Each structure stands twice: as structure tokens, then as C-alpha cells.
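Coordinate-derived values only; no laboratory data. Because the structure is a prediction, the values reported are computed rather than measured. Note that each Cβ is placed from the backbone with ideal geometry, even for glycine, and that neighbours are counted across all protein chains shown.
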Amino acid sequence: MSFIQINLQEMKILVVDDSSTARKILSEMLREIGVGHVVGAADGAEAIERLRTFPADIMLCDLHMVPLDGIELTRLIRNASDSPNPYLPIVMLTSDATQAQMKNAMNAGVNAFMSKPVKMNDLHRKLFVIFSKPQVFIREGRILRPLLGSHAADTPAPAQQPAAPVVAKTPNPAPEPVSKDDAGSKPESPVQRPLTRRDLGIR
């Protein structure tokens, strides 16, 4: 059995949270597990500016921020014409997401979710999951979003239980998958199927 080696010391992570205490705790936790480069941002506007000079490998972003919340920030990163990194892996952090908020976040282009308060072991595992598998993106018109699958693990339980599983939309015509590493190639179209509660990490 082969194992993918992740060099945490070379990893660059952007932490976005309007709470200075939350940013400090997350930054210290990341450094504790061996991440070598951690930068913080207090809001969405600062996060965009940071990304122009800091080539982050992943962004940890709080859902509830003002004036630009995590979902709006994700939409800007994915779709703005001057986005510094539209394929940036984004992990949304929240303690009280509703089903509607989670669906909006997924549609905006969030790769994965984690519940707050974040635990160190869960954070370490999440970094491994995201970097151990190439992320496939699909484009629907002008909208770019990741094809969610195993990366959506650890989705926090919604405040309101969903009445039915979220269904991945199949646009007409079918979107072309876009590889993070080679946006010019055209891999096989992924199979669109309903996302189950297990896919979303909802127990």
C-alpha cells in the first residue's frame, strides 16, 4: 500500500475569521501540527488582498462574517474575473449552519466543511483528505465549483434536518469537468448523482 506524503512545512494556509481570538487559535493549531506558513485575514476584503501576494494552498474560512460572509467570499474567489486563485481549496468553518446555508455554500464552491470549535486531529485529517485526492471542478456557464464528494466530509449537522437529500444539478448541456492542475484538459464527464447524507457528512 502506498501513502501520499504531505509536506506540512511547505504548506501555505490562509485563515479568514473576523474574530481575532479564533484566528489566533486556528493559526496556533496549524503550526502545532506542522504547517509552515500561516497568514490571517479579518474579513473577506482582506482575504482577497492577502491572496494576491500569498499563494495559499488552502483557505479556512468562517461562515459568519461581516460585511462579506464566507459564502460571498467563496463566490468571489471562484468567479471574479480578477480572482487571484479560482481553484483554491476552501474549507468552511461554522458551528450553526442551516441546511439552506450549507447548500448555498456548496453551490458557491466550498470544498468541505468543519464544525467549530475545530479539533486538532480533525484538522490534520481534513488537510490530508483534501491534498490526497485531486479536486475536480465543473463549470456551469460562468459558475465554477468543485464536484463534491469525499471532500465534503465532516459537514456540521444542520440546525434543521433536511427533508430530502440534496441533488446535484445536471445542466443542459452537461458541464465539462475542469482539473485544478490542468484547466485545458477535458477529463471524462463525472457521473452526476444525488448527494447522500453520508456524502455531506451528516449523521
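Listing for the model above:
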quantity: Cut-off under 5 Å, modelled amide H: who pairs with His37 long-range; calculated: Met11, Ile13
quantity: Virtual paramagnetic centre 7 Å along Cα→Cβ of Ser81, amide N under 15 Å, in the stretch 101-145; calculated: 142-143
quantity: Cross-link pairs beyond the 24 Å C-alpha cut-off, checked among Lys24/Lys116; Lys12/Lys103; Lys24/Lys119; calculated: Lys12/Lys103
